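Novice: My structure is below; once you've seen it, I'll send some questions.
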C-alpha cells in the first residue's frame, strides 16, 4: 500500500474483514492479506488467546483437510495492534493489503443521448504518481474508481475479470481498442449496463452472469503469496461489495472454568510458555530460561506447577470429548447454585435462580424449566476460513459435523500455524427448557404437520446447495426456541439498556444418546468493559413479564396474513427455511443471530392469527 495505512478494530478482522476480504478505500479497493502477511514481530503487538477446547477442535478439523501439518501445534493470537507511542525502530505491526481489483473506471461519465459511458483502464495505465487518475486521449487527467465487478468460485478463489477476453470471447484474435462501461436508464437493470469495446463488441452484465462465461477458475489467491493449481470450477460473476463476496467462518466458544483457584489462574496465564512441560526438571529449565515466567509463578514449587499443568491438560481433553455446545449446556444446566467463581479474572460466574426470582410462576412459561443468571462470561471467537457465494453451514445442533463441512472453505495462510482470535467479556441469561414439555408438544398432530411443511421446503432448498448431501434438518425444537429467542431479545433491549444489536444468542437443541438438551443463552459480549455493565442480568426479576410481552407481540405481525400464511414448500431459496417470519416480527440484526436469520417460525413459538395449535407457548 506504499506506506498508506488504514485502521480496523481487532474484532473486525475476525468477524468481517479477515484474509481474503475486499475493503473499499477512497481511491481504490484492496484485499486483506493472508496470515503470512500479518507483521507481528514488534514486542507486545499481539498476545496469545488461551482456549484449549477451541484449539483442539480446530487442530483436528484442519489436519483432516490438509490445511494444518501433522507436526504443527496450532495457537490462537489476537490480530496485531500498533501502539502509537511505541519507541521501536523496526517494522511496525500491521497487515499487508494488496490492490484488488486492478481494473478501474472513470468517475465522470460522458453522455451521448441516453447512454452514459466511462472509460475502463488497468492499474498499469494509471498515472504513476498517486495512481488515482489517468490521462485520456485529449491529455486531460481523469479521476478513477475501482470497478465493482470481479470473478470468483465456490472454493474462495478470486481474480480480475479479463474484460477484453470476455467481450471478444466469440471473436478470434486480440483487440486493443479501449473499453467502456455503458449505462442506460436509471433502473440499474444488469441488461442496461454493458462493457463495450471501441471495435463495437459488447457484453451486458446480465450475460456476464451466465455460468461459464469467464471460463475456468485459475486458482488465484491474491491474499496469499501462492496460488492454487487451476481448480477446474467455472468462474462466477461477483460484485465485490455484495454480501456474498465474503462469509467468514468463525468458531465461537464460551469458556468453561477448569478450576478457579489462584494457582490455576496463574498457570493458565502462562500456559503458552509451559504447555510442553511434563516433568519437574523441564519446569526448572523453563523458569531458568524465562524471567517473566519465573516472576509470575514465584512461591509455587515445580511439583505443584507440573501437577496443575497435567490437570489442565487432562481437563481440556475431557471437555473436548463433547461438542462445545454440549459441554456448555451441561455446565450451565447443572443446577448448581454457584457456577464458577465470583472473581474479577474468572472466566465464568453464574447462579441458578429459584423460579420466583425471575418471575417464572406463570402457567404460560411452563416450558422453561430453569433460569441461570450469568454474571460474567468469556467468549472466544476464532476465524479459521471463509467462503464466497454461499455461507458455510453452522453448528445448529451442537454437533461438529457442520464444522467438518465448513472447514472446506478457503485457506487463511499458505503455511498455517496460528489463527486470529478475540476474547470478549460479557454477561447473559441462560434458559433451560423442559424436555418433557417439548416432547409433549412435538407429539401434537398439528406440530407434526408443521414439521412436514418445513422439512419439505428445507429439502427443496438443500438440493441446490454445494454441501447439500452433508446437511441435516434442524429439529423442530430449534425453530420454536429460535423464534422465542428473537422475540425475547427485542423485548429485553427495550428494558435492559443495551441496544438490540449488542445482544447475541446461542441455542442448544442437542439430541444425544443420554437424552435431549434444550437451552438458550442470551448474552452480550464486547472487547471492552461494556459487555459487563450489568444491565442484562438486572432484568431477571422482571423476566417473566418481559417474556409474556414478547410472546404477545408475536400474535400479530404487520405483515399478516401474508406472513402467517407463508408456505416454505413454495420456495427454493432461503425463504424455504422459515415459516411465519419477516422483518416486522422475528428477523433481527444478523450479528445477533447465530443462524443468519434462518430457521424461524413464530407459529411454532406463539399463537398467530392463523393457528394456535402449533405454539410451544400457549395460554
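Novice: Report the Cα centroid-to-centroid distance between the stretch 333-366 and the stretch 166-222 in angstrom, as an integer.
Specialist: 60 Å
Novice: A follow-up question, please. Over the stretch 239-306, what is the relative contact order in percent, taking alpha-carbon pairs closer than 8 angstrom and at least six residues apart?
Specialist: Relative contact order for the stretch 239-306 comes out at 30 percent.
Novice: Whole number please: convex hull volume per residue of the Cα set in the chain, in Å³?
Specialist: 185 Å³
Novice: Given the -39500 (n - 2.57) contribution per DSSP H run of 4+ residues, what per-residue ellipticity at 222 nm results for the chain, rounded to the nearest 500 deg cm²/dmol?
Specialist: About -7000 deg cm²/dmol.
Novice: Obtain the nm distance between the two label points defined at residue 227 and residue 122 by a simple spin-label model: each point lies 7 Å from its Cα along the Cα-to-C-beta direction.
Specialist: 1.4 nm
Novice: Also: Enter the Cα centre distance for the pair the stretch 443-506 and the stretch 276-306, rounded to the nearest angstrom.
Specialist: 49 Å
Novice: Hey, what did the stretch 104-246 get for relative contact order, percent, Cα under 8 Å, at least 6 apart?
Specialist: 22 percent
Novice: Then there is this: Suppose the chain between residue 583 and residue 73 were pulled fully straight at 0.36 nm per residue; how much longer would it get relative to their current alpha carbon spacing?
Specialist: Value of the extension gain: 179.2 nm.
Novice: Going highest first, how would you order 489-495, 358-364 by mean Cβ packing within 10 Å?
Specialist: Per-residue mean Cβ counts within 10 Å order the peptides as 489-495, 358-364.
Novice: Let me ask something else. Take the Cα pairs of the stretch 518-619, get the Kirkwood Rh, then feed it into Stokes-Einstein at 4 °C and 1.567 mPa s and tell me D in µm²/s.
Specialist: Rounded to a whole number, D works out at 84 µm²/s.
Novice: Treating the Cα atoms of the stretch 104-246 as identical point scatterers in vacuum, please give the log10 of the normalised Debye intensity I(q)/I(0) at q = 0.22 Å⁻¹, two decimals.
Specialist: Debye intensities relative to I(0), on a log10 scale: -1.49.
Novice: Another question about this same structure. Full-extension gain between residue 176 and residue 278, please, as 0.36 nm times their residue separation minus the C-alpha to C-alpha distance.
Specialist: The residue 176-residue 278 span can extend by a further 29.9 nm.
Novice: Between residue 199 and residue 242, what's the calculated FRET efficiency when r is the beta-carbon distance and R0 is 25 Å? Round to 0.05.
Specialist: With a Förster radius of 25 Å, E is 0.25.
Novice: Can I ask one more? In nm, give the distance between the simple-model label positions of residue 11 and residue 390, each being 7 Å from the Cα along the Cα-to-Cβ direction.
Specialist: Roughly 3.1 nm, to one decimal.
Novice: From Cα pairs below 8 angstrom and at least 6 apart in sequence, can you work out the relative contact order of the stretch 1-149, rounded to a whole percent?
Specialist: Relative contact order, the stretch 1-149: 23 percent.
Coordinate-derived values only; no laboratory data. All figures in this text were calculated on a predicted structure; none of them were measured in a lab. Cβ: placed from backbone, ideal geometry, glycine included. Neighbour counts: every protein chain shown.
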